[in-house]
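Enquirer: For reference, the structure I am asking about is given below.
The values are calculated or read from the model by the stated rules, or taken from the named source; none is laboratory data. These numbers were taken from a predicted model, which means no experiment stands behind them. A quick note on method: Cβ atoms are made from the backbone with ideal geometry, for glycine too, and the neighbour counts reach across all protein chains shown.
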Amino acid sequence: MGTALITGASRGLGRALARELVRDGWHVVVDARDADALAAAAEEIAGEDGGGSVTAVAGDVADPAHRADLVRAVDGGLDLLVNNASTLGPTPMPKLADLPVADLAATFATNVLAPLALIQDLLPSLRERGGAILNITSDAAVENYETWGGYGSSKAALEQLSNVLAAEEPDVAVWWADPGEMNTAMLRAAGEDADSAPPPEEAAAAFRRLIEERPPSGRHRAADLAAAR
Ligand SMILES: NC(=O)c1ccc[n+]([C@@H]2O[C@H](COP(=O)([O-])OP(=O)(O)OC[C@H]3O[C@@H](n4cnc5c(N)ncnc54)[C@H](OP(=O)(O)O)[C@@H]3O)[C@@H](O)[C@H]2O)c1
């Protein structure tokens, strides 16, 4: 196995995927803004059997100084970058007519610009090691759900960045993937019925298989990956 960086891994999908990879023997570097929650999650993840290990680096992916800390944490080489940390923007989510553009800019800073900045910093190592990038997107990138326009347009931008990156970087596998609805804090914050959604462990297991099977660059849905078992 190798070294993976997963952003946003103190809870939800990021934590579940970090657990899967540590079980498979990966060294996983994780971040989140709340340092205490991240430390608790890292301790729990490190307790998984499998021989992997965890390094926690607290901070905000939108902060260039924190991104520099992440790059330093993986300076021995990186095999997998998972851009998972994400924001909905203001909640309750307003219609586009009422969405302050400054809030949209902040949403893009976290959901689009930070992933691209990390990709730019880490591509030399990923190219050299034949690594992979997994950008977590959403069906909101392609559907026209009312009030999801700010978040959805940021995920659409992340999808198209991924699509072009895949054409430009033949030595790196670039996947952009919709996990589907998951019972997480984010779905609750969106005002949806999170309790009736599947746990993030299901999408994490599907993405673990994606990483293991290493298909060519492209878009994936966790539901399709699970159905293909
Ligand atoms: N839940 C769903 O139904 C659903 C559906 C489709 C797509 N997705 C996507 O799936 C991914 C995971 O979502 P989730 O539901 O697991 O979310 P979640 O439970 O809210 O977890 C988000 C994680 O990211 C961290 N985070 C948020 N903003 C950050 C920032 N600026 N810098 C660093 N860390 C940050 C959070 O910790 P802190 O708050 O402490 O920073 C937390 O660890 C996201 O990309 C989301 O857009 C989710």
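Enquirer: For residues in the stretch 154-187 being within 8 Å of the ligand (Cβ to nearest atom) and of a type in the set (Asp, Glu), which is nearest to residue 108 (Cα to Cα)?
Expert: Going residue by residue through the stretch 154-187, those that are within 8 Å of the ligand (Cβ to nearest atom) are 155, 178-187.
From what is left, the residues that are of a type in the set (Asp, Glu) are 178, 181.
Numbers: 178: 18, 181: 21 Å.
Out of the qualifying residues, it is 178.
Conditions (1) at pLDDT 95 or above; (2) over 19 Å from the mean Cα position of the chain (by Cα); (3) hydroxyl-bearing (Ser, Thr, Tyr); (4) within 11 Å of the ligand (Cβ to nearest atom), marked per residue:
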{"residue": "36", "(1), (2), (3), (4)": "yes, yes, no, yes"}
{"residue": "41", "(1), (2), (3), (4)": "yes, no, no, yes"}
{"residue": "59", "(1), (2), (3), (4)": "yes, no, no, yes"}
{"residue": "75", "(1), (2), (3), (4)": "no, yes, no, no"}
{"residue": "87", "(1), (2), (3), (4)": "yes, no, yes, yes"}
{"residue": "92", "(1), (2), (3), (4)": "yes, yes, no, no"}
{"residue": "112", "(1), (2), (3), (4)": "yes, no, no, no"}
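Enquirer: Which condition breaks for residue 65 when tested against (1) part of a helix (DSSP H, G or I); (2) within 12 Å of the ligand (Cβ to nearest atom)?
Expert: (2)
Enquirer: So residue 54 ticks every box in (1) under 20 Å from residue 212 (Cα atoms); (2) in contact (Cβ under 8 Å) with a residue 60 or more places away in the chain; (3) among the β-branched types (Val, Ile, Thr) but one. Which box is left unticked?
Expert: In the conditions (1) under 20 Å from residue 212 (Cα atoms); (2) in contact (Cβ under 8 Å) with a residue 60 or more places away in the chain; (3) among the β-branched types (Val, Ile, Thr), residue 54 misses (2) alone.
Enquirer: Next question, about the same structure. What is the one condition in (1) out of contact with any Asp or Glu (no Cβ under 9 Å at 6 or more places or on another chain); (2) closer than 15 Å to residue 219 by Cβ; (3) part of a helix (DSSP H, G or I); (4) not aromatic (Phe, Trp, Tyr) that residue 97 does not satisfy?
Expert: Only one criterion in (1) out of contact with any Asp or Glu (no Cβ under 9 Å at 6 or more places or on another chain); (2) closer than 15 Å to residue 219 by Cβ; (3) part of a helix (DSSP H, G or I); (4) not aromatic (Phe, Trp, Tyr) is unmet by residue 97, namely (2).
Enquirer: Has the stretch 25-32 got at least one residue that is more than 9 Å from the ligand (Cβ to nearest atom), closer than 22 Å to residue 210 by Cβ, without any contact (Cβ under 8 Å) to a residue 60 or more places away in the chain and touching a His at 6+ places or on another chain (Cβ under 9 Å)?
Expert: no
Enquirer: Which of the following residues is assigned to a helix (DSSP H, G or I), modelled with pLDDT of 95 or more, surrounded by 15 or more Cβ atoms within 10 Å (Cβ to Cβ) and not charged (D, E, K, R): 203, 177, 167?
Expert: 203
Enquirer: What is the residue count in the stretch 114-143 for residues that are aliphatic (A, V, I, L, M) and assigned to a loop (DSSP other than H, G, I, E, B)?
Expert: Result for the stretch 114-143: 1.
Enquirer: Output the number of the condition that residue 190 fails; it satisfies all remaining conditions of (1) near the ligand (Cβ under 9 Å from one of its atoms); (2) closer than 24 Å to residue 119 by Cα.
Expert: (2)
Enquirer: Considering only the stretch 180-198, state which residues are closer than 15 Å to residue 145 by Cα and part of a helix (DSSP H, G or I).
Expert: Matches in the stretch 180-198: 187 only.
Enquirer: Another question about this same structure. State whether the residues of the stretch 116-137 include one that is within 20 Å of residue 191 (Cα to Cα) and within 11 Å of the ligand (Cβ to nearest atom).
Expert: Taking every residue of the stretch 116-137 in turn, at least one turns out to be within 20 Å of residue 191 (Cα to Cα) and within 11 Å of the ligand (Cβ to nearest atom).
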